Amino acid sequence: MKSLLNALHEGRLIELPTRDKDKSLEYLALLIEAVPDIGSRQDLVNEVKKREAAANTGIGNGVACPHMRTKQEGDLLCAVGWSPEGIEYGTPDGKKVHLVIMYYIPDSQRNSYLKEISGLAKAITESEDIQSIFSLADLADVRNKLLDWVEIAVNRAVPDAKARMIKLEEKQAVFASRQGAETEPSKAKWSVIPFSLVVLDAGRSVVLSQSQEILDTLEPIENLHRIFSGPRYFDLAGYQITVLASTGYSRNRMLYECVAVKVAENKN
């Protein structure tokens, strides 16, 4: 969900001044063209309208995701338009579209786009208050709703990441066993736990994880945001912490994607 988060951070979320579908697509395409690395080398307005004419991009529940492709190098980008009254979009479910999320997709970013749009669609489907999009009051509420969907998508990804780490541990154990029967069995058990740290206003920190132990251990620590803003590798409360990625947002908010490794002695 990186490109959606970047759009929110960089100001590419607007209230659409029209209920006309073509005009709305034009506004968002021009918003993407305004990104310095994009420029006017391509007619993005014509490209997105051409693709929309070939296939309606409404994904249901008041949301549409039009897109344009390019052979140019670059990052996956998106721009978001909100229509309080709704746009007659011709969607399969017949509902007006209130949120238009437009993607700019370089050839090298196709896989990233497919992963993001899949996560977004699942988050929208699983949101318990999806219908609230029809009654949002202002642009700040829209932004908060999008952040909720991002959180749902991130939480869905955590178990998958944990499963991949478990598989890696299993492969390492098999490799070690093949080094010879005389090798002394390991006396340590490694526990690898993925988690996210969200730093809000005034340094308030929230830990997102499937592990209750991580939540109980890390959240009570004072000045947690200062610890994570330092080295990428450090020891904390019995864990070896690695910060995989960090993203900054307005009002000094931060998102840290991390893993924690804990070594426990095997009593057997």
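The values are calculated or read from the model by the stated rules, or taken from the named source; none is laboratory data. What you are looking at is a predicted structure, and each value in this text was computed from that prediction instead of being measured. Cβ coordinates were reconstructed from backbone atoms using ideal geometry, including for glycine residues, and neighbour counts include every protein chain displayed.
Count of the stretch 71-129 residues, restricted to those that are in contact (Cβ under 8 Å) with a residue 24 or more places away in the chain and on the phi > 0 side of the Ramachandran plot, is 3.
Taking the stretch 8-75 and the strands (runs of 3 or more DSSP E) fully enclosed by it, the elements with 2 or more residues that are over 24 Å from Asp138 (Cβ atoms) and either assigned by TED's automatic domain parsing to the domain that holds Lys96 or under 20 Å from the mean Cα position of the chain (by Cα) (or both) are at 67-70. Return yes when Ile38 is touching a residue at least 12 places away in the same chain (Cβ under 8 Å) and either polar (S, T, N, Q) or farther than 18 Å from Leu99 by Cα (or both) and no when it is not. Considered against the rule, which asks whether it is touching a residue at least 12 places away in the same chain (Cβ under 8 Å) and either polar (S, T, N, Q) or farther than 18 Å from Leu99 by Cα (or both), Ile38 comes out as yes. Does Tyr89 meet the test of being in contact with a helix residue (DSSP H, G or I) (Cβ under 9 Å, 6 or more places away or on another chain), more than 24 Å from Ser250 (Cβ to Cβ) and assigned to a loop (DSSP other than H, G, I, E, B)? Yes, satisfied. Scanning the stretch 133-148 for residues that are of a type in the set (D, E, K, R) and part of a helix (DSSP H, G or I) returns Asp141, Arg143, Lys145, Asp148.
Here is a yes/no grid of residues against (1) of a type in the set (S, T, N, Q); (2) at pLDDT 85 or above; (3) surrounded by fewer than 14 Cβ atoms within 10 Å (Cβ to Cβ); (4) in a loop (DSSP other than H, G, I, E, B):
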site	(1), (2), (3), (4)
Val207	no, yes, no, no
Gln210	yes, no, no, yes
Leu215	no, yes, no, no
Pro220	no, yes, yes, yes
His225	no, yes, no, no
Asp235	no, yes, yes, no
Thr242	yes, no, no, no
Ala245	no, no, yes, no
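Each residue in the stretch 253-268 was checked for being out of contact with any strand residue (DSSP E or B) (no Cβ under 7 Å at 6 or more places or on another chain) and modelled with pLDDT of 80 or more, and 0 pass. The set of residues in the stretch 47-74 that are more than 16 Å from Ala29 (Cβ to Cβ), surrounded by 16 or more Cβ atoms within 10 Å (Cβ to Cβ) and either of a type in the set (D, E, K, R) or touching a Cys at 6+ places or on another chain (Cβ under 6 Å) (or both) contains only Ile59.
All conditions in (1) aliphatic (A, V, I, L, M); (2) buried (at least 20 other Cβ atoms within 10 Å of the Cβ); (3) over 15 Å from Thr18 (Cβ atoms) hold for Ile87, with the sole exception of (3).
In the set (1) more than 20 Å from Ile117 (Cα to Cα); (2) in contact with a helix residue (DSSP H, G or I) (Cβ under 8 Å, 6 or more places away or on another chain), the condition left unmet by Gly81 is number (1).
Exactly one residue out of Ser112, Ser118, Ser83, Ser108 is among the polar types (S, T, N, Q) and assigned to a strand (DSSP E or B), and it is Ser83.
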